[in-house]
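Single-structure report; data block below.
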Amino acid sequence: MHFKHVLIFLILFSIQVKSQIVEEKKNFRAADSLLKENSFSVHRDNYFLTGVPIDEPITRNTADVKYQVSFKLRLNSKPLWGGFFPYLMYTQKAFWDIYASSKPFSEINFNPGVAIVRPFYLKGGRLTYGTVSLEHESNGRDSIYSRTWNMLAFSLKSQVSPRWIVGIRGWIPLVDKDDNPGLTKYVGYGEASATYQIKPGRWSADVLFRKGSGLINYGSLQTQVNWRPYKDENYYLTLQWFVGYTESLIDYQEHKSMIRLGFTIKPEGMGIF
């Protein structure tokens, strides 16, 4: 069934691109939004957050640090056929039991990928990125602790107003079911995101919702509020709440609810997805 949904998505994406982009000059203006960034730039949020659970007792073993490093590399300053720009991407997310006696890392997830990005304008001058990516995610471990999957993903992300950025992303998951039983139920087939500028340049809020394959189960919700103390500096004080599954791969079948506080570095623009 999900292949049918992906096919419909691709058809609609193709129709919309052809119907909305009417002037060649607009193509170049949209491409400028990517070209004004350095070829090597921030991909997803880079953060360092510490937090505690809100659904179980707080101890040295349940409190932790979560941090993420994420960057992308634009491979060409001129678009390829069809107006697409090629990218390499890499994200690494770690969970550090810094309050435990030996301070071990409980989990590290690696997420490399390649993507092609098509910038364009919707009617009304709304900048939009259409992206196709091929990604791998794993925890780099073997035996019973191995967690790994691949995806072919398709996304649209658009600045629908001066304060709102919204995105939708779907993927075809490729999972080794023998090593990771039921993982598809938890990672699902798509996610939706939104960012609202509460006070532009100072305060913003982000929401990321991932739908698992169950009717009401197996999804996740991550919300955060960001405060930028200095307009000339690209770092934020962030309060984040995560609830649901697959925050980390190692315990994807366990429901988590964590609240965290720390620092975040965000992409300069709206990000490709």
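Per-structure values
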{"item": "Considering residues of the range 207-221 that are touching a strand residue (DSSP E or B) at 6+ places or on another chain (Cβ under 6 Å) and in contact (Cβ under 8 Å) with a residue 24 or more places away in the chain only, the residue most open to solvent (accessible area, probe 1.4 Å)", "result": "ARG210"}
{"item": "Residue under evaluation PHE105, criteria (1) in contact (Cβ under 8 Å) with a residue 60 or more places away in the chain; (2) among the aromatic types (Phe, Trp, Tyr); (3) out of contact with any Lys or Arg (no Cβ under 7 Å at 6 or more places or on another chain), criterion not met", "result": "(1)"}
{"item": "Within the range 246-273, considering residues that are farther than 23 Å from SER155 by Cβ and of a type in the set (Asp, Glu), the one least open to solvent (accessible area, probe 1.4 Å)", "result": "ASP251"}
{"item": "The range 153-165, subset in a strand (DSSP E or B) and more than 14 Å from the chain's Cα centre (by Cα), residue nearest to TYR196 (Cα to Cα)", "result": "TRP164"}
{"item": "Qualifying residue in the range 61-75 (condition: farther than 30 Å from ILE172 by Cα and at pLDDT below 90)", "result": "no"}
{"item": "Test for TYR189: is it open to solvent by 20 Å² or more (accessible area, probe 1.4 Å), free of Cβ contacts under 8 Å to residues at least 40 places away in the same chain and hydroxyl-bearing (Ser, Thr, Tyr)", "result": "no"}
{"item": "The lone exception for VAL243 - which of (1) under 21 Å from GLU56 (Cα atoms); (2) open to solvent by 70 Å² or more (accessible area, probe 1.4 Å); (3) modelled with pLDDT of 95 or more it fails", "result": "(2)"}
{"item": "Residue list for the range 145-182, restricted to those being crowded, with 18+ Cβ neighbours inside 10 Å, of a type in the set (D, E, K, R) and under 21 Å from ILE108 (Cβ atoms)", "result": "ARG147"}
{"item": "Leading residue by the ranking (most open to solvent (accessible area, probe 1.4 Å)) among those in the range 65-98 that are touching a residue at least 60 places away in the same chain (Cβ under 8 Å) and charged (D, E, K, R)", "result": "LYS93"}
{"item": "Cβ-Cβ under 7 Å pairs, at least 6 apart or on other chains, the range 28-42 side more than 11 Å from PRO267 (Cα to Cα), far side assigned to a strand (DSSP E or B) and among the basic types (Lys, Arg)", "result": "LEU34/ARG74; SER39/ARG74"}
{"item": "Lone unmet requirement of (1) assigned to a strand (DSSP E or B); (2) over 30 Å from ARG228 (Cβ atoms) for ILE168", "result": "(2)"}
{"item": "Count of the range 129-139 residues which are more than 17 Å from GLU247 (Cβ to Cβ) and either open to solvent by 40 Å² or more (accessible area, probe 1.4 Å) or not polar (S, T, N, Q) (or both)", "result": "6"}
{"item": "Pairs, first closer than 23 Å to GLU137 by Cα in the range 226-249, second open to solvent by 30 Å² or more (accessible area, probe 1.4 Å), C-beta under 6 Å, six or more apart", "result": "TRP241/THR223; TRP241/ILE259; PHE242/GLN222; VAL243/LEU221; GLY244/LEU221; TYR245/TYR218; GLU247/LYS256; LEU249/ARG147"}
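The values are calculated or read from the model by the stated rules, or taken from the named source; none is laboratory data. None of these values were measured; they are calculated from a predicted model. Here Cβ is always computed from backbone atoms with ideal geometry, including for glycine, and neighbour counts include all displayed protein chains. Surface areas here come from the heavy atoms of the whole protein model, side chains and all, with no ligands, DNA or RNA. Shrake-Rupley method; radii C 1.70, N 1.55, O 1.52, S 1.80 Å.
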